[in-house]
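These notes concern the structure reproduced below.
The values are calculated or read from the model by the stated rules, or taken from the named source; none is laboratory data. Note that the structure is a prediction, hence the values are computed from the model and not measured. So basically every Cβ, Gly included, is an ideal-geometry build from the backbone, and we count neighbours across all protein chains shown.
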Amino acid sequence: MEDINEIIKTHSAPKRQQYYPEEANSAAEPMFDNREAKFKLHTDVILSDETQLQLDECLAKLKYHKQIYVDWGFGSVDPLGVSTILNFYGPPGTGKTLAAEALAGTLGMPIIHLGIAELESKFMGDTAKNIQAAFQSARLSGSVIFFDEADTLLGKRLSSVTQGVDNEVNAMRSTLLIELERFDGIAIFATNFGKNYDEAFRSRISHHVRFSLPDLAARRRLWARMFVSGIPLKEARDQLIEDCSELSDGLSGREIRTCMRLALPKAFLAAEKTDMPAILSLENLKSAIDQIRTAHTEIATTESIGRSQLRDAVTAKKLLGINNITEV
Ligand SMILES: Nc1ncnc2c1ncn2[C@@H]1O[C@H](COP(=O)(O)OP(=O)(O)OP(=O)(O)O)[C@@H](O)[C@H]1O
Ligand SMILES: [Mg+2]
């Protein structure tokens, strides 16, 4: 693949010169740290065919950018350039954070991960200025900019402001919209919300990518990854994968990993009792899956959304211009 950083550098130069002329000659240091993305989409993330296709199309847009925009001349009617704004949405634990990192990894680009920790250390005082700083860091370092858990992340900061929340929301929202409009790189949002964004956001987001709970075929692949070669197995590996995949309907990729985390120590405890070498059995795995299922139903019935969480969500929706929320 042609070096995406080169493509971005070449094609975004005019836009940068237009909007940020002072940056071209300044020795500004990025305020936000970027890091190398460790994962790759095709090897590390297990996705449904639909999600995979959406991401492949997004990669193709970047890969064939020069052919489409320069050789075929499409740039004359679509001067938007390389700007690619993605929104990853779907239930918790379905691989959105992992996929954002893997997308950057596949493109060979570093990533600026804006999560709660970064928010708390950097987003002090003027939030809108800090949004600008994050985009500036992405431009200077040629990084993918990633707003992880954008719903809680963006809402949280604002809900701690006791006065003038609406003003703060509006300032931050317009900064975000302006920065997105001018940005000529790759920005990713991850949220648990559906895609009912208002026009201002919808027109800027180039790809809405839906992440869903794994179906049987995806669960087979997720479980197969869990049974790494060093783990001694009591039953045949293929049969274990099949049984666990059947039993874990409705669980996310993260929960499948948690099942394995719970099952492995069970094998050791069982071995202590029998004085035999530890070996992972279907019984250990079934018991772990049951535990997760019980936690699922208990949390679903007893947990009500706290006031502050609700306020965070409402604020984030305003900010992102989401009209009617469909939780996904
Ligand atoms: N589709 C997947 N492919 C491979 N591993 C997965 C997948 N989904 C989840 N996992 C495993 O679960 C972990 C947690 O997933 P991740 O943090 O990416 O979920 P998320 O969608 O960002 O969740 P949240 O909405 O809670 O932020 C991953 O690091 C990975 O180990
Ligand atoms: Mg996440």
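Things to note:
- Lone qualifier among E168, E179, E246 - being at pLDDT 75 or above, assigned to a helix (DSSP H, G or I) and farther than 25 Å from T94 by Cβ: E179
- Residues being among the charged types (D, E, K, R), farther than 16 Å from R257 by Cβ and either at pLDDT 95 or above or touching a helix residue (DSSP H, G or I) at 6+ places or on another chain (Cβ under 9 Å) (or both) - total across region 196-240: 8
- Each residue in region 81-115 was checked for being of a type in the set (S, T, N, Q), more than 9 Å from ligand 1 (Cβ to nearest atom) and either assigned to a strand (DSSP E or B) or within 14 Å of the chain's Cα centre (by Cα) (or both), and 2 pass.
- When region 86-114 is limited to residues that are among the polar types (S, T, N, Q) and near ligand 2 (Cβ under 10 Å from one of its atoms), the one that is nearest to S137 (Cα to Cα) turns out to be T97.
- Filter result for T51 (surrounded by 21 or more Cβ atoms within 10 Å (Cβ to Cβ) and either part of a loop (DSSP other than H, G, I, E, B) or within 11 Å of ligand 1 (Cβ to nearest atom) (or both)): yes
- Residues that are more than 23 Å from V45 (Cβ to Cβ) and either in contact with a Lys or Arg (Cβ under 8 Å, 6 or more places away or on another chain) or in a loop (DSSP other than H, G, I, E, B) (or both), drawn from region 231-241: P232, K234, E235, A236
- Qualifying positions in region 198-217 - within 16 Å of ligand 2 (Cβ to nearest atom) and in a strand (DSSP E or B): V209, R210
- The condition (being more than 16 Å from ligand 1 (Cβ to nearest atom) and either surrounded by 16 or more Cβ atoms within 10 Å (Cβ to Cβ) or within 23 Å of H113 (Cβ to Cβ) (or both)) is satisfied by just one residue among I188, I205: I205.
- Test for A60: is it in contact with a Phe, Trp or Tyr (Cβ under 9 Å, 6 or more places away or on another chain) and of a type in the set (G, A, S): no
- Region 242-281, subset in contact with a Lys or Arg (Cβ under 7 Å, 6 or more places away or on another chain) and surrounded by fewer than 20 Cβ atoms within 10 Å (Cβ to Cβ), residue nearest to F211 (Cα to Cα): L247
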